[in-house]
Amino acid sequence: MMTEVLILIISFIILLGVGVPVAWSIGISCTVTILASIDSLAAFTTVAQRMATGLDSFSLLAIPLFILAGQIMNQGGIANRLIAFAKALMGALPGGLIYVNVIAAMLFGAISGSAVAATSAIGGILGPAMQRENYSKEFGAAVNITASTTGLVIPPSNVLIVYSLASGGVSIASLFLAGYIPGILMGLALMLVAAAWIKKKKYPPGERSSLKSIVTTFLQALPSLLLLVVVIGGIVSGIFTATEASGIAVLYCLVLSFINKELKISELYGVFISSVGTTAIVMLLIATSMSMSWVMSYEEIPQAVSVALLGLSDNVFVILLIINLLLLFVGTFMDMTPAVLIFTPIFLPVVEALGVDPVHFGIMMVMNLCVGLCTPPVGSVLFIGVSVANTSIQKVLKPLIPLYIAMAIVLLLITFVPQLSLWLPQLFDN
């Protein structure tokens, strides 16, 4: 067993180190590990079979459909309406565009379910406006990068669907409800850091919006916001499943984009191609990650980790702190989807043995890995945000530090105060 574990870990690290994409690194390291135990034909067959069966899930059908809905929204001008509404609400405050960035990123990230889409859409629109008003380009990029991850916790969230699969069937409705308070807390924490920065820089108040402007922008943004009500309300009330909700989301976004006259039929081809490309990447990551999960289970790695962690302490707070530190480390070099699929089967049995609710642990895990999306060397949201702002990682890292601290504080709150995650699911009996 020990030999196979070392082969798996060392081969995976080497492949990542030489620049092999994460999905291929996972698949190749799994195959090499299996080859050390069984003959080549059986090894290749087993890996291929586990990849195929890993994707054989009705719940996973929601992911490509939510991706398509996000692409339609990105193309259909929904980000512009959300930004206009946020600006009408917060634009009069000193440094108001920073608050607008956070609120717009939370709204668009929640609706699209994609941190990358939120980073590029919100940053692309607000970045130039902030520069015209002499905001710090680097701090604006840092806020955009961190705020965009809140949409991975606020539902609908593809990552929470992946966690449901990896955990063996934790209720998606419960996970969606559980994400609201932690996601909003994260946004508020980022706004507090922004407020301190704005006060230090002594930004003047912006132009106050009239009541008519607030009402107008709200009515324009309302159809987009209603998507959340339709999708989450339908899932929670049992009218449809998460997968059916994703199909409704696509139809809703299509109709809304055509009504707004910001999406042409001729542009649909490009939207579909972009969605297919993103879906292919995500599904390959899921397939190879499921094969690695099987390899680790075959080698009894989860059991060994469970014994080792419980041997260190039987205090739930100590164990959760250790897991958080391990996940923060993992998140710096591994994308969120494979991290959830690989480490959920390892850590979930440990925390369940200590009485931790799997819904609470799922929210904790996703919030933890959100930090990794904003950190080098692999943080995808970090790279997108820097690129959109036309700056460098080195310049953005300094303003990111206080935002990292805010995210860490909220993570600790969510970790050690379970009711922040569980209150809404319990309220709705999910």
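The values are calculated or read from the model by the stated rules, or taken from the named source; none is laboratory data. A quick note: this is a predicted structure, and the numbers were derived from the prediction, not measured. With ideal geometry, Cβ positions are generated from the backbone for all residues, glycine too; neighbour counts draw on all protein chains shown.
Which of the residues spanning segment 99-116 are of a type in the set (Ser, Thr, Tyr) and modelled with pLDDT of 80 or more?
Just the residues of segment 99-116 that are of a type in the set (Ser, Thr, Tyr), to begin with: 99, 112, 114.
Of everything in segment 99-116, just one residue is of a type in the set (Ser, Thr, Tyr) and modelled with pLDDT of 80 or more, namely 99.
So, in segment 158-181, of the ones that are surrounded by fewer than 24 Cβ atoms within 10 Å (Cβ to Cβ) and closer than 14 Å to residue 423 by Cα, which residue ends up modelled with the lowest pLDDT?
This residue is 173.
I'm told residue 213 meets every condition in (1) more than 20 Å from residue 85 (Cα to Cα); (2) surrounded by fewer than 18 Cβ atoms within 10 Å (Cβ to Cβ); (3) among the hydroxyl-bearing types (Ser, Thr, Tyr) except one. Can you identify the failing condition by its number?
Looking at each condition in turn, residue 213 falls short on (1).
Return a yes/no flag: does segment 73-96 have any residue that is aliphatic (A, V, I, L, M), within 30 Å of residue 288 (Cβ to Cβ), under 23 Å from the mean Cα position of the chain (by Cα) and assigned by TED's automatic domain parsing to the domain that holds residue 245.
Restricting attention to segment 73-96, the residues satisfying the condition of being aliphatic (A, V, I, L, M) are 73, 78-79, 82-84, 86, 88-90, 92-93.
Still in the list and also within 30 Å of residue 288 (Cβ to Cβ): 73.
Okay, now just the ones that are also under 23 Å from the mean Cα position of the chain (by Cα), so 73.
So of that shortlist, the ones also assigned by TED's automatic domain parsing to the domain that holds residue 245 come out as 73.
Yes, that holds for at least one residue.
Being under 29 Å from residue 135 (Cα atoms), of a type in the set (A, V, I, L, M, F, W, C), at pLDDT below 90 and not in a loop (DSSP other than H, G, I, E, B) is true for just one of 330, 396. Which residue is that? Reasoning before the result, please.
Values: 330 fails: under 29 Å from residue 135 (Cα atoms).
Testing whether each residue is under 29 Å from residue 135 (Cα atoms), of a type in the set (A, V, I, L, M, F, W, C), at pLDDT below 90 and not in a loop (DSSP other than H, G, I, E, B) leaves just 396.
Of everything in segment 57-113, what is free of Cβ contacts under 8 Å to residues at least 24 places away in the same chain and buried (at least 24 other Cβ atoms within 10 Å of the Cβ)? Give them in sequence order.
Keep residues of segment 57-113 that are free of Cβ contacts under 8 Å to residues at least 24 places away in the same chain, which gives 86, 90.
Residue satisfying the conditions is 86 alone.
Among all residue pairs at least 6 apart or on different chains, which show Cβ distances below 9 Å where the first residue, located in segment 288-311, is among the acidic types (Asp, Glu) and the second is in a helix (DSSP H, G or I)?
That search, which allows pairs on different chains as well, returns 299/4; 299/5; 299/8; 299/33.
Say we look at segment 126-157 and pick out the residues that are surrounded by fewer than 21 Cβ atoms within 10 Å (Cβ to Cβ) and polar (S, T, N, Q); which of these is nearest to residue 406 (Cα to Cα)?
This residue is 136.
Residue 346: within 19 Å of residue 174 (Cα to Cα) and touching a Pro at 6+ places or on another chain (Cβ under 8 Å), yes or no?
Numbers: within 19 Å of residue 174 (Cα to Cα): no; touching a Pro at 6+ places or on another chain (Cβ under 8 Å): yes.
The answer is no for residue 346.
Between residues in segment 376-387 that are assigned to a helix (DSSP H, G or I) and residues that are acidic (Asp, Glu) and surrounded by 16 or more Cβ atoms within 10 Å (Cβ to Cβ), which pairs lie under 7 Å by C-beta distance while being six or more apart or on different chains?
Short answer, once both residue conditions are applied: 380/335.
For segment 125-154: of the residues being in a loop (DSSP other than H, G, I, E, B) and of a type outside the set (Phe, Trp, Tyr), which is nearest to the chain's Cα centre (by Cα)?
The initial filter retains those residues of segment 125-154 that are in a loop (DSSP other than H, G, I, E, B), namely 133-136, 153-154.
From what's left, of a type outside the set (Phe, Trp, Tyr): 133-134, 136, 153-154.
Working: 133: 30, 134: 30, 136: 26, 153: 6, 154: 9 Å.
Taking the candidates together, the pick is 153.
Quick one: which residue in 371, 417 is among the β-branched types (Val, Ile, Thr) and more than 19 Å from the chain's Cα centre (by Cα)? Write out each step before concluding.
On the way: 371 fails: more than 19 Å from the chain's Cα centre (by Cα).
Testing whether each residue is among the β-branched types (Val, Ile, Thr) and more than 19 Å from the chain's Cα centre (by Cα) leaves just 417.
When you check residue 53 against the structure, is it touching a Gly at 6+ places or on another chain (Cβ under 7 Å) and either of a type outside the set (A, V, I, L, M) or surrounded by 19 or more Cβ atoms within 10 Å (Cβ to Cβ) (or both), yes or no? Step through it out loud before you land on a result.
Numbers: touching a Gly at 6+ places or on another chain (Cβ under 7 Å): no; either of a type outside the set (A, V, I, L, M) or surrounded by 19 or more Cβ atoms within 10 Å (Cβ to Cβ) (or both): yes.
Taking the combined requirement at face value, the residue does not satisfy it.
On the basis of being of a type outside the set (Asp, Glu), under 29 Å from residue 27 (Cα atoms) and surrounded by fewer than 20 Cβ atoms within 10 Å (Cβ to Cβ), does residue 305 make the cut?
Numbers: of a type outside the set (Asp, Glu): yes; under 29 Å from residue 27 (Cα atoms): yes; surrounded by fewer than 20 Cβ atoms within 10 Å (Cβ to Cβ): yes.
Taking the combined requirement at face value, the residue satisfies it.
Residue 238 fails exactly one of the following numbered conditions: (1) buried (at least 17 other Cβ atoms within 10 Å of the Cβ); (2) over 21 Å from the mean Cα position of the chain (by Cα). What is the number of that condition?
(1)
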